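The values are calculated or read from the model by the stated rules, or taken from the named source; none is laboratory data. Because the structure is predicted, anything quoted here is derived from the model rather than measured. Here the Cβ positions follow ideal geometry from the backbone for every residue, glycine too, while neighbour counts run over all protein chains shown. With ligands, DNA and RNA removed, areas are computed over all heavy atoms of the protein, side chains included. Shrake-Rupley method; radii C 1.70, N 1.55, O 1.52, S 1.80 Å.
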Amino acid sequence: MGTKTLKIPYPDDLPNTLGTTTEEFEQEIRFLVAAKLYEMGHISSGRAAELAGLERVSFLENLNRYRISVFNYSLEELDREIIESKDRAEQAS
């Protein structure tokens, strides 16, 4: 599979204004794009980690910095999990 490069223009002084180096700023932007796509359910955590240039575990650990849950469930999936968990608990009793 090939890759493409996305160019995003930004003011020269922006990294310095934010207290980071150019490299740190660009890495953070790369992470944020990957994290948002993951949060929205558009890509898997593995694909997001690849996009961010990180190992999957490192990507997942860093999600907390931006209050993004590692668990990426829709409301319907959560409701189904709760119902199934209640059913299992009742059967075990």
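So, taking all protein chains as they sit and a 1.4 Å probe, how much accessible area belongs to PHE31, in Å² rounded to tens?
Near enough 10 Å² of accessible area.
Where in the stretch 1-79 are there trypsin sites (Lys or Arg not before Pro) that are in a DSSP coil and have at most 16 other Cβ atoms within 10 angstrom of their Cβ?
LYS4, LYS7, ARG67
In a Debye calculation with equal point scatterers on the alpha-carbon sites of the chain and no solvent, what is log10 I(q)/I(0) at q = 0.19, 0.21, 0.24 Å⁻¹?
-0.95, -1.06, -1.19
Within the accessible area of the chain, what % is carbon and sulfur when the probe is 1.4 Å and the other protein chains stay in place?
Summing carbon and sulfur atoms, their accessible area is 53 percent of the total for the chain.
Excluding GLU26 itself, what net charge comes from residues whose Cβ is under 14 Å from its Cβ, given Lys and Arg +1 and Asp and Glu -1?
Net charge in that neighbourhood comes out at -2.
Normalised by the number of residues in the chain, what is the relative contact order in percent for Cα pairs under 8 Å and 6+ residues apart?
Relative contact order of the chain: 16 percent.
Could you state the accessible area per residue of the chain in Å², with a 1.4 Å probe and every protein chain left in place?
82 Å²
If you find the alpha carbon centre of the stretch 53-93 and of the stretch 1-45, how far apart are they in angstrom?
The stretch 53-93 and the stretch 1-45 have Cα centres spaced 25 Å from each other.
With every protein chain left in place, what is the accessible area of GLU28 in Å² (1.4 Å probe, nearest 10)?
That residue has around 70 Å² of solvent-accessible surface.
Lysines within cross-link reach of LYS36: Cα-Cα under 26 Å, excluding same-chain residues under 8 positions apart?
Cross-link targets: LYS4, LYS7.
If you wrap the stretch 54-93's Cα atoms in a convex hull and average its projection over all directions, what's the area in nm²?
About 4.1 nm², averaged over all directions.
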